[in-house]
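A quick write-up on the structure given underneath.
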Amino acid sequence: MRVLVTGGAGFIGSHLVDRLVTEGYDVVVLDNLSSGSLNNIKSHIEAGNIAFVNGDLKERHVVEDVVQSIDVVFHFAANPEVRVSTTNPEVHFRENVVATFNLLEAMRIKNVKEIVFASSSSVYGEPEVIPVDEEYPVRPVSVYGASKASCEALIHAYSKLYGIKAVVLRYANVVGPRMRHGVIYDLLMKLRENKSTLEVLGDGFQVRSYLHVKDAVEATLIAWRKSSGAYQVYNVGNTDWITVRELVEILLETLGLKGRVEVRYKPILHGVGWPGDVKKIALNSQKLMSLGWSPSMGSREAVVETVKALVSELCLKF
């Protein structure tokens, strides 16, 4: 089977590529390297395990060329920085919505009949209760979340109109090796610059679940293989959740800095970190778990493993 992974040089995408190569798939990676890195898939390129195309989904001719003879598309290309949408909303419109439309059009023209889409828990916005299941209303409060919801709507329409089988995965906070955005990475970068004081955006009472990337990849493949019907949506999150204050405590303890760093919280509005940030979000993943998936580690362990991996990768000293 010939598989296309858009954004395959990125964080989750590159881990998915690792797994697909291991399982013997014929893998093509399309990435414009705006947020991904060739280092993430360099070994596969050098070994001839994958075909890599340095191209942009915003260019229609590029997309049509690359989907030729593809059996299934794993669509992971996107701009992952939620805060960008506050200051430059067009970035998420072009990188997420326009790119997804071009991909779907290319799939229609070239008769590619299967897509797995990396969506986000941000489509739910500010839920009144947690955890939320897939039936909860989609009410994003960030342009990033709105762009993901728009992509879901486009995929649903193409699924109904053109017979494309679609699996939509609403990921919670996925963490692990190679991540270069998000709260854990940001805090490590701040500590690298200042080991005595740590500024944390928000009041620290924001609630999140954290899922290790190896569990996210396993969930992705199970949902793809076992999903029935033309269009299915699955939450992909952990079974527990923690506050940002707990995350900071775990991070400092893992680094051996507990009690040695002054933590300063910087809240706005109702305690969030920036406009469009969500105070509390956690997912009910029972629908996916009914297919046989379950996370191998909880949120705390996922955070610890991520901190250790990033310290090693970035050669950080504390």
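Being among the β-branched types (Val, Ile, Thr), crowded, with 22+ Cβ neighbours inside 10 Å and in contact (Cβ under 8 Å) with a residue 60 or more places away in the chain is the requirement here; does Ile115 meet it? Show your work before the answer.
On the way: among the β-branched types (Val, Ile, Thr): yes; crowded, with 22+ Cβ neighbours inside 10 Å: yes; in contact (Cβ under 8 Å) with a residue 60 or more places away in the chain: no.
The answer is no for Ile115.
Where helices (runs of 4 or more DSSP H) fall wholly inside the range 199-318, the ranges with 3 or more residues that are buried (at least 16 other Cβ atoms within 10 Å of the Cβ) and touching a residue at least 60 places away in the same chain (Cβ under 8 Å) are 213-226, 244-255, 299-313. Flag not set for Asp240, criterion: in contact with a His (Cβ under 9 Å, 6 or more places away or on another chain) and more than 30 Å from Ile115 (Cβ to Cβ).
All conditions in (1) assigned to a strand (DSSP E or B); (2) over 22 Å from Glu249 (Cβ atoms) hold for Arg180, with the sole exception of (1). Here are the criteria: (1) of a type in the set (A, V, I, L, M, F, W, C); (2) outside any loop (DSSP other than H, G, I, E, B); (3) closer than 24 Å to His156 by Cα. Tell me which single one Val17 does not satisfy. With (1) of a type in the set (A, V, I, L, M, F, W, C); (2) outside any loop (DSSP other than H, G, I, E, B); (3) closer than 24 Å to His156 by Cα applied to Val17, the lone miss is (3).
Here are some residues: Val233, Val217. Which one is of a type in the set (A, V, I, L, M, F, W, C) and closer than 23 Å to Glu23 by Cβ? Don't jump to the end; show me each part of the working.
Working: Val233 fails: closer than 23 Å to Glu23 by Cβ.
None of the other options fit; the residue is Val217.
Here Asn32 meets each of (1) more than 20 Å from the chain's Cα centre (by Cα); (2) surrounded by 18 or more Cβ atoms within 10 Å (Cβ to Cβ); (3) among the polar types (S, T, N, Q) with one exception, condition (1).
A short reminder: the numbers here are calculations on the coordinates, not readings from a lab. From a predicted model like this one, the values you see are computed outputs, not experimental measurements. Don't worry about glycine lacking a Cβ; one is built from the backbone with ideal geometry, like all the others, and counts go over all protein chains shown.
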